[in-house]
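Below: the structure, in structure tokens.
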Amino acid sequence: MSEASVRILVQADRREADALYDALTPGQGEDATAYTIEKKEGGLAIKVEEGSLSDVRALTNSLLRLLKAARESIDEVERNE
């Protein structure tokens, strides 16, 4: 497999972009959800340090949105190779 540089762009308005950034930068930003990602036997664990169920849902939605954008960006790079 060859090396590639991939830029992942998530389409969002200013409010959505701020919320996505806060959710994906653990412990940073004004309304950030503090979380850690740990290696566990059999996979990874995302541990939310403090937050409500809605914080966890927002973090999960943000991660899913980022992963979808990443997959689309990688597919685009593969199509252009």
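Here are the numbers for the structure shown:
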item: Selection within segment 48-81 - loosely packed, with under 10 Cβ neighbours inside 10 Å and either hydroxyl-bearing (Ser, Thr, Tyr) or in contact with a strand residue (DSSP E or B) (Cβ under 7 Å, 6 or more places away or on another chain) (or both); result: Ser54
item: Segment 16-55: number of residues that are modelled with pLDDT under 80 and charged (D, E, K, R); result: 9
item: Qualifying positions in segment 1-15 - at pLDDT 70 or above and more than 12 Å from the chain's Cα centre (by Cα); result: Glu3, Ser5, Arg7, Gln11, Ala12, Asp13, Arg14, Arg15
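The values are calculated or read from the model by the stated rules, or taken from the named source; none is laboratory data. No experiment lies behind these values; they were computed from the predicted model shown. Positions of Cβ are backbone-derived with ideal geometry, glycine not excepted, and every protein chain shown enters the neighbour counts.
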